1. Of (1) closer than 30 Å to A:Asp202 by Cα; (2) touching a residue at least 60 places away in the same chain (Cβ under 8 Å); (3) over 18 Å from the mean Cα position of the chain (by Cα), A:Asp277 satisfies all except one. Which?
2. In region B:21-47, what residues are among the acidic types (Asp, Glu), free of Cβ contacts under 8 Å to residues at least 60 places away in the same chain and in a loop (DSSP other than H, G, I, E, B)?
3. Let me confirm something: among B:Ile205, B:Ile225, B:Ile192, which residue is part of a loop (DSSP other than H, G, I, E, B) and modelled with pLDDT of 95 or more?
4. Restricting region A:309-344 to residues that are out of contact with any Leu (no Cβ under 6 Å at 6 or more places or on another chain) and farther than 23 Å from A:Arg80 by Cα, which is surrounded by the most Cβ atoms within 10 Å (Cβ to Cβ)?
5. Report whether or not A:Ala75 is of a type in the set (Gly, Ala, Ser), buried (at least 21 other Cβ atoms within 10 Å of the Cβ) and assigned to a helix (DSSP H, G or I).
6. For region C:53-67, check the following and say yes or no: at least one residue is under 16 Å from the mean Cα position of the chain (by Cα) and away from chain B (no Cβ under 14 Å).
7. Among residues belonging to region B:103-119 that are in contact with a helix residue (DSSP H, G or I) (Cβ under 6 Å, 6 or more places away or on another chain) and surrounded by 24 or more Cβ atoms within 10 Å (Cβ to Cβ), point out the one that is nearest to the other protein chains (Cβ to nearest Cβ).
8. So A:Thr218 ticks every box in (1) under 30 Å from A:Leu35 (Cβ atoms); (2) part of a helix (DSSP H, G or I) but one. Which box is left unticked?
Amino acid sequence: MSEQVEIQPTTRHEGHGKLVLYVDDEGYVERAFYLNTSAIRGFEAMAKGRPAEFVQVAVMRICGICQATHGTASAEAFERAMGIEPPRDGRLLRELCALGNRIQSHVLHQLLVLDDFVEEEKEKVEAIKRIQQIRKIGQYVVDVVGGEGIHPPNIRIGGMAENISESARKRLYRRLREARELMEEQHEFMREIVERFAEENDLDLDEFGRHDQPFMATHPTYGDPERLDLDRVVEVLPIEYYGEEHKEEAYEHNGQIPLYDGVPVEVGPRSRYVVFDGVDPRGVLYIHILRSQETLAAIDRCLNILEELNTSGKTLAEWEPRAGTGVGVHEAPRGTNVHIATVNEKGIVEDYRIIAASTWNFPVVEKAIEGEHQEYAEVIMRCYDI
Amino acid sequence: MVRLAYVQLAGCCGCLVSLADTYERLLDILDEVELVYCQTLMDEREIPECDVAVVEGAVCLNHEECVEVARGLEEKADTIVALGACAATGNFMRYSRGNEQSAPTHEAFVPLTEVVDVDYAIPGCPPAPEAIERFLTLLLEGKTDLLEPFAKLAEGKTEYCGCDLMYHVVNKNMCMGCGTCAAACPTRAIEIVDGRPVVNEDRCIKCGACFTQCPRTIWPGDDAIKELVMGGEEE
Amino acid sequence: MSELKEIMVKGDEGLLGEHLGVFTARSTERRILRVTQDGGIVSSIMVYGLEEGKFDGVIAAVADPDDPEEPWKPRPVVITDPDEVLEAAGTKYTYCPNVSVLKEAVRSHGCERVAMVGTPCQVRAVRKAQLLPVGMRHVPDKIELLIGIICMENFPYEGLKTMVEQLCGVWMREVAKMDIGKGKFWVYTDDGEVKSIPIDETHPFEGEPCHVCTDYCAELSDLTAGSVGSPDGWSTVIVRTEKALELLEEMVEQGLLEVKSIEEVKPGLGLVEKLAQAKKNKNQKEIEERKELGLPEPGKVHEQL
């Protein structure tokens, strides 16, 4: 006989969520529901009938932690819809901007999960200080390149609004080198606390939170619509996914559930490593370590971009509206973020679809929780940086 | 110590990230208050009674829990602060109009100032970290006379957006073309042409940063600037 | 006591704004004096600050006298190279939105110590941005020095053009320098011609928004400079903050500035005070008249909505 347990609101993540768990006599989860209880602000509906430029600005506000990814995916979607080719340096700066965001977002997530792994106040404070130092550098990248650390307005349809100065390039380089050192320390720290947690709780790192869903990623550092076959993607209503027998849960979940080949797929740091590096770490806690490793890789890629960048190069293509449909894909800190725009010949949006990164992972979180003890439900959920 | 609850309604978390962008000072700021609730940062699941509730995000009138939380704030908090344009004045949420799966009835998103009596409203999308820090410092020090402008904005008369800037500053012969609005605009919707702002309405999200930052709309008084800025505190 | 402290005097703070002292000065550098309006104080400070790394960016107005469309129309720039400072020298008697590039300075230019020169209203705008930086993320602590310029009023570009072309009879493109002093508006041409009109004749072209401003001496600056009160080729300098005083003392010590007591020169500080009083009286009256018409009071617009 299984018992129903509710955790609401779930904490230490962005947005509003609720866990409904069906557990057995020993507290092991037989069935988990991870429900998004946030209000639907309706960005897709808001977009209709509005100019492309407004929509690209508005959709960044889907998420205040990873705004750059929405700005980028949206700009890419409109560019493909209207046949616009951003200049090389604009494209590089855009990648740099979103990687700056990836750095700050990844370590911010490490701040949010600290309480799962660290009890001692001093250790926690030290970690927070280091995280804030790294965040400061990540945000410096976004501020300088994107114009604002939160909701960067320089990301434009057609590229980036402006280039950076030569002295800014040098400063960024220097600061990112500092970030790399701090991040190496932070990476070591994450590995230590995760391993310590597994040991103290007698958890098998390779087995804990394991699921058998496929992994999906389109690019290690940017995003690639060529690697996402939209014909194989469907978004279903919660009632379709959970079925009549769980309609109570279904009606509490706000948002649609994206499926690839009819099943939930995991997106995010682990997926990017699985797809592009061929590793296969099945235990869910590895995501923390891979996220950390990916932050180091993001810093390295930023340094490369700064070397490649021509600071006097053109960054923004001029464009005229044209009717069409385009897909923009960007790898958000949390995973594959998809925007699909249809515009008319005046550049007015006729249809807009967003598959935000976290929405892929909601049903995967459920699979990862199932089979584990209920006390770990939120710990597992937080591996995903929802 | 002041008990502070950070409440998130229908928003993006960007205002909290802005607070976190005080970087090395964040821990000092949090040391000055007792943070009793903040679902993004801690495990407390019920909003307790508190001295100050800082609220981010709009109220979705079609979302029962959202309305309930908003309405409950007057009971729970002595002082209510609407942080950021969604809670303060409306922001781009004014363009929400429902009809989206899987909650097509979520349609009306209004600022908190339209739902409960808010004491202070801080526009911006998001408000700058330094603005949040300044606000909290002044509030904790009881220098509420300097917060009067934010109390006035909490009446929620308008969005204080690019249109308001045009109607109430330029159109009233008070714009001297300094360019502050253009710099303040978080979407870069404003360009100064021939000494006056031109607002690109396609980029304006009605966040209120331009109007609030304009030196001609709200002047905090020379004394405050001499004391808090020129007194060397910034260094 | 430094040379500067010895010669500084204090004036009426009710009119000049709070200050540590006032003196008169000019640059000792010929390259600067050759291009500047008066004593070249602002340019000298900017060059020195950038060369010494005290600032890593300077915001000033540059105007191209030969622009085919709009000669002499200033635009704000972020200068990081001391050699470029002199391009921004000289007063432009029309609006230039200096504050609009403040964020750009700390963003795409990556500056961390910015100096800005501005009119009293622009100085006020930046001070407010430091006190209540609602839309000024990471800007407040990057302001290193605010240099104010003494200002009675400003002119819209087309107004200035009318004054120069219609009233003085000189094409904008021919203008080498403009000046206001001794009760007149002066235009110097590239050919060495000098034209002037009485200042009264410029009043119809003054920007109306200037008439609600009662700040003549940029009272919230770190230091203010202007020609009023000092003889030709010299500038009156009002020092307000310790930071500005230290910088000026260094420059005097290094022989970059030649300084004199303002009490030794004509017309002297009395004129600055007299004109400050005139601006305050005239514009306070304007504010009262506007109130009677139901127009908003500057700084209190939000209260009237």
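1. The failed condition is (2).
2. Within region B:21-47, the first condition is being among the acidic types (Asp, Glu), and the residues that meet it are B:21, B:24, B:28, B:31-32, B:34, B:43-44, B:46.
If we keep only those that are free of Cβ contacts under 8 Å to residues at least 60 places away in the same chain as well, we get B:24, B:28, B:31, B:34, B:43-44, B:46.
Scanning region B:21-47 gives B:Asp43, B:Glu44, B:Glu46.
3. Numbers: B:Ile225 fails: part of a loop (DSSP other than H, G, I, E, B); B:Ile192 fails: part of a loop (DSSP other than H, G, I, E, B).
When all the criteria are applied, what remains is B:Ile205.
4. In this case the residue turns out to be A:Arg334.
5. Working: of a type in the set (Gly, Ala, Ser): yes; buried (at least 21 other Cβ atoms within 10 Å of the Cβ): yes; assigned to a helix (DSSP H, G or I): yes.
Answer is yes for this residue.
6. Here is the first cut: in region C:53-67, the residues under 16 Å from the mean Cα position of the chain (by Cα) are C:58-63.
Now drop any that are not away from chain B (no Cβ under 14 Å), which leaves C:58, C:62.
Yes, that holds for at least one residue.
7. Let us first name the residues in region B:103-119 that are in contact with a helix residue (DSSP H, G or I) (Cβ under 6 Å, 6 or more places away or on another chain), namely B:109, B:111-112, B:115-116, B:118.
Right, trim to surrounded by 24 or more Cβ atoms within 10 Å (Cβ to Cβ) and you get B:109, B:111-112, B:118.
Values: B:Phe109: 6, B:Pro111: 14, B:Leu112: 14, B:Val118: 15 Å.
Ranking the qualifying residues of region B:103-119, first place goes to B:Phe109.
8. (2)
The values are calculated or read from the model by the stated rules, or taken from the named source; none is laboratory data. Here the structure is a predicted model, which means the values were calculated and not measured. Quick reminder, even Gly has a Cβ in these numbers, built from the backbone with ideal geometry, and neighbours come from all protein chains shown.
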